[in-house]
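The next block holds one structure in the form of structure tokens; read it before the comments.
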Amino acid sequence: MLDQVARGLDDDPWDADDPDGDLVRLLFTCCHPALPAEARVALTLRSLTGMTTAQVARAFLVPEATMAQRLVRAKRRIRATGMTFRVPPAALRSERVEGVLAVLYVLFTEGYDAWAEPADAVEGSAERRALADVAVRLARLTARLLDDEPEARGLLALLLLQHARRDERAGPDGVTRTLTEQDRARWRHDEIAEGLSELDATLAVGRPGPYQVQAAVAALHDEATDAAATDWPQILGLYDVLLDLTGSPVVALNRAVAVAEVHGSDAGLAAVDAVADEPALAGYHLLPAVRAELLVRAGRPADAAVDLRRALTLVDREGDRRLLERRLTDLPLARST
């Protein structure tokens with residue numbers, strides 16, 4: 001009996017020669033609970049993917065100098081505590097779940113965003129796009145390892161449902177395409193079906209969390225035959241739940257879009273203005289970009305132009321910059337001057 005207990009405590013479920021196992025071990029090592037939460041994600045992205053400190057900082061919406069300090073402190077902590085390169089035993093894995101899943105989500109986002117960029121305008125575009133595939137692969141492995149954690153499976157569902165749209169993220173002109181503009185026939189429907197299956201299975205457990213709720217939002221978009229068929233009232237309800245779970249200003253901004261779809265542009269603008277002073281959104285180009293879109297719908301093109309120009313001073317992705325420039329050019333005010 002003692003031998004069985006010892007084997008269980010020392011068990012590492014990955015074969016020593018399995019390269020995916022090495023990735024998962026590194027993932028769990030960098031997400032050690034002895035590290036501050038914000039440092040776990042940053043360190044893993046820097047170590048696992050080769051992302052630059054600037055890229056990691058952008059993913060967290062913080063200055064590069066702040067992120068550099070976090071990384072230095074995290075590395076010092078690892079050296080001081082002698083953390084081991086291994087997947088922890090099952091009894092200890094749950095304390096690292098949040099950090100591991102956050103790493104995978106940010107890793108995926110970095111790769112998925114690259115699909116919205118013109119392929120010839122971004123250095124290392126193919127490598128950056130591949131990060132999304134790496135994140136999906138690691139999410140599968142993590143969901144298998146954490147088979148009693150519904151959020152792990154919820155994250156996998158979310159990544160599949162979003163990644164299925166990658167081929168339509170940008171047009172031939174390199175301009176980012178919104179969901180309304182995308183050709184849904186070119187979405188990868190086998191991945192959508194898999195994502196829906198994963199989502200149904202994890203929601204059946206009855207322990208919903210932020211990744212499961214985000215996956216449910218993605219599922220409603222993916223299931224709509226066209227943009228007009230999107231179930232916005234249900235999406236708004238899901239964003240209400242997600243905002244209660246996270247308190248995230250970014251979630252609040254996304255919710256404002258749903259508010260506008262359900263209750264009209266004025267209500268949406270009020271929801272945007274309610275989060276306009278959030279420090280986390282101070283350099284976020286989507287805040288003025290969303291506001292500009294709602295101002296256009298409200299028949300206020302001159303005010304929209306002001307917000308679009310502000311968004312252009314903040315945007316750092318070429319595809320999004322081209323989209324904002326097109327929006328500005330298409331304004332009735334712009335055509336009349």
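Tabulated data for the structure shown
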quantity: Failed condition for ALA126, given (1) surrounded by 15 or more Cβ atoms within 10 Å (Cβ to Cβ); (2) aliphatic (A, V, I, L, M); (3) in a helix (DSSP H, G or I); calculated: (1)
quantity: Single residue of the range 306-321 satisfying the filter (within 23 Å of SER125 (Cβ to Cβ) and in a helix (DSSP H, G or I)) that is most open to solvent (accessible area, probe 1.4 Å); calculated: ARG321
quantity: Check on VAL262, of a type outside the set (Gly, Ala, Ser), in contact with a Phe, Trp or Tyr (Cβ under 7 Å, 6 or more places away or on another chain) and farther than 30 Å from PRO172 by Cα; calculated: yes
quantity: Within the range 212-226, considering residues that are in a helix (DSSP H, G or I) and open to solvent by 30 Å² or more (accessible area, probe 1.4 Å), the one nearest to LEU159 (Cα to Cα); calculated: GLN214
quantity: Qualifying residue in the range 170-181 (condition: over 17 Å from TYR211 (Cα atoms), touching a Leu at 6+ places or on another chain (Cβ under 7 Å) and either β-branched (Val, Ile, Thr) or assigned to a helix (DSSP H, G or I) (or both)); calculated: yes
quantity: Yes/no for LEU238 being part of a helix (DSSP H, G or I), on the phi < 0 side of the Ramachandran plot, within 21 Å of the chain's Cα centre (by Cα) and crowded, with 17+ Cβ neighbours inside 10 Å; calculated: yes
quantity: In the range 189-211, the residues that are out of contact with any Pro (no Cβ under 7 Å at 6 or more places or on another chain), open to solvent by 50 Å² or more (accessible area, probe 1.4 Å) and among the aliphatic types (A, V, I, L, M); calculated: ALA193, LEU203, ALA204
quantity: Condition met for ASP244 (within 26 Å of GLU98 (Cβ to Cβ), out of contact with any helix residue (DSSP H, G or I) (no Cβ under 8 Å at 6 or more places or on another chain) and at pLDDT 95 or above); calculated: yes
quantity: Filter pass, THR337 being modelled with pLDDT under 95 and over 21 Å from the mean Cα position of the chain (by Cα); calculated: yes
quantity: Members of the range 250-278 that are charged (D, E, K, R) and buried (at least 21 other Cβ atoms within 10 Å of the Cβ); calculated: ARG255
quantity: Residues (over 14 Å from the mean Cα position of the chain (by Cα) and in a helix (DSSP H, G or I)) located in the range 135-148; calculated: ARG137, LEU138, ARG140, LEU141, THR142, ALA143, ARG144, LEU145
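For (1) in contact (Cβ under 8 Å) with a residue 40 or more places away in the chain; (2) closer than 18 Å to ASP200 by Cβ; (3) not hydroxyl-bearing (Ser, Thr, Tyr), each residue gets a yes or a no:
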| position | (1), (2), (3) |
| --- | --- |
| GLY111 | no, no, yes |
| ARG129 | no, no, yes |
| LEU138 | yes, no, yes |
| LEU141 | yes, no, yes |
| ARG153 | yes, yes, yes |
| LEU156 | yes, yes, yes |
| LEU160 | no, yes, yes |
| GLU168 | no, no, yes |
| ASP173 | yes, no, yes |
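The values are calculated or read from the model by the stated rules, or taken from the named source; none is laboratory data. These figures come from a predicted structure and were not determined experimentally. In this analysis, Cβ positions are derived from the backbone assuming ideal geometry, glycine residues included, and neighbour counts consider all displayed protein chains. With ligands, DNA and RNA removed, areas are computed over all heavy atoms of the protein, side chains included. Shrake-Rupley method; radii C 1.70, N 1.55, O 1.52, S 1.80 Å.
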